[in-house]
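A short write-up of the structure that comes next.
Readers should treat all values here as calculations from the given coordinates under stated rules, not as data from a laboratory. Source: prediction; values computed, not measured. Quick reminder, even Gly has a Cβ in these numbers, built from the backbone with ideal geometry, and neighbours come from all protein chains shown.
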Amino acid sequence: MAIQVNEVDAPIARMQADWAVIDALLGGTPAMRAAKKKYLPQQPRESNEDYDYRLSTSTLFPALERTLAVMSGKPFSKQITVAETVPSQVQELLSSIDDKGASLHAFAFRAFREMVSHGFGGILVDHTKTDGQAKTVADAKRMGARPYWVHYKHGQILGARFQQGAAGLQMTLLRLLETIEQEDGEYGSTMVEQVRVLRPGAWEIHRKGKDGWEVHESGTTTLDRIPFVFLLANPIGPMESRPPLKDLAYLNVKHWQQQSDQDTSIRYATKPLVYATGINSGDNITLSSDSILKLPPNATLDVAQGRAEAVTVGRNELEALEQQMIQTGAELLVATPGQRSATEASNDAEANKASLQSLVEDFEDAVDQCLQFTADWLKAGEAGSVALFKDFGAATLSDASAQLVIAMAQAGLITKETALKEQQRRGVLSPDLDVETEVALASESAPSLGKTGVE
């Protein structure tokens, strides 16, 4: 069945289910509460009133958000390196690569974060419209026209078509969803949705009219390719990928559900329920802490309270799940054996790379392609390359999770006590260390965990 210009095609539709989970988790507690039964099912025989109360008091343990911050921040802990071979005309644009004031480093960080979180996105290397008045690059410069980069997030890419050619797989069509702001009256503004359709050497803007979507504006370009680069974390097709933190996201949803159950157990365990037998409905009985209660003959009064063991079991389950989430997130930092060529055989650093390191290399390639499109607009020849910091791999999962424990403590996701206990479990610290004493001494004589750590 044919789809409309504003509808997603099959590869995008397949990825949307995972994106919905990730979007909700990154939206924090408010977004998870707004999702209601989608991620926090109503228990059998649980009344609507009880469910609404449970939902309104549930809070999210932000494991995905914090792990994403750590993983996406590591490659950008040092300034992005621009090779000297990048043409001067291109280098002049890097301080405001989006023509809105964002440097290449800041722009790249936001794009990479999206690549890590959702595994999908893209960058369009567009050019200021000149309406045919700029015949040369010099004309465009005099007019202030220039190439600039636009980051399109996962939900803005609607679909694309590809064709195998002599130079490999070439994109022949691309559809992008945009929202622009237009003036509305003397003071107001309104948001207008539109779809940008790109073909090699041509573009169209579609907007919804009275009779459906129609071409609002169109034009041509001087490039014979679509200047768009996909950001694919774990590609399974030319326009389809798997989020690197997908497994962690689903564990985080499980923690959201179990934390809600644990809160309910604590509420029943700490709030005793008074019950009575042998009392008629018409008997007037008042409970008070400073008076004697008079009961009718043969009546009894007692207290029902939840078992503390249930609270302990729930807490242990949550701690085990939190540890599992730490391990899952840390897997991106663990160096694993890869395919070794004859050249690589003598270099273990090349033969063994962490998943995050490989992801950074793919992102570098994408940025290099964007630089080349920028150079093509300027007719500046070969564009050169960039490099990101990649020396953050760990030899074992224990080493990687130890790094992540410190990062989570720095972010305030776990306490100092928990961080030290986790380091003891990994053998980083002596098992004889008294955690409470160490925390007290450290707070008096050294910076907090928020100011120390590893790169």
**Fill in**
Expressed in nanometres to one decimal, the distance between label points 7 Å along Cα→Cβ at GLU436 and TYR51 is 4.3
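If contacts are Cα pairs under 8 angstrom and at least 6 residues apart, what is the relative contact order of the range 1-121 in percent? Can you show the working numbers first?
Numbers: 61 pairs, mean separation 26.0, N = 121.
Averaging sequence separation for qualifying contacts and normalising by length gives 22 percent for the range 1-121.
Rounded to the nearest 500, what is the 222 nm mean residue ellipticity of the chain from helices alone, with -39500 (n - 2.57) per DSSP H run of 4+ residues and division by all residues?
Working: 14 runs with 183 residues, N = 455.
Helix-only estimate at 222 nm: -13000 deg cm²/dmol.
For the range 1-100, report the translational diffusion coefficient in µm²/s to the nearest whole number, using Stokes-Einstein at 10 °C, 1.306 mPa s, and a Kirkwood Rh over Cα pairs.
Working: Rh = 18.4 Å.
Rounded, D is 86 µm²/s.
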**Item:** Residue order, fewest to most surrounding Cβ atoms within 10 angstrom, among ILE12, ILE3
**Value:** ILE3, ILE12
**Cα-based helix-to-principal-axis angle, 435-445 vs the chain, degrees rounded to 10** = 60
**Prompt:** (1) 113, 74, 36; (2) 63, 62, 39; (3) 104, 65, 44: which one is Cα extents along the principal axes in Å as calculated from this entry?
**Reply:** (3)
**Check: the chain dipole with +1 on Lys, Arg Cβ and -1 on Asp, Glu Cβ, in debye** = 540
**Prompt:** Taking other Cβ within 10 Å of each residue's Cβ, how do MET143, MET239, MET191 sort, fewest first?
**Reply:** MET191, MET143, MET239
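Relative contact order for the chain: what is it in percent, counting Cα pairs under 8 Å that are at least 6 residues apart? Before the final figure, lay out each step's value.
Details: 672 pairs, mean separation 82.6, N = 455.
The value is 18 percent.
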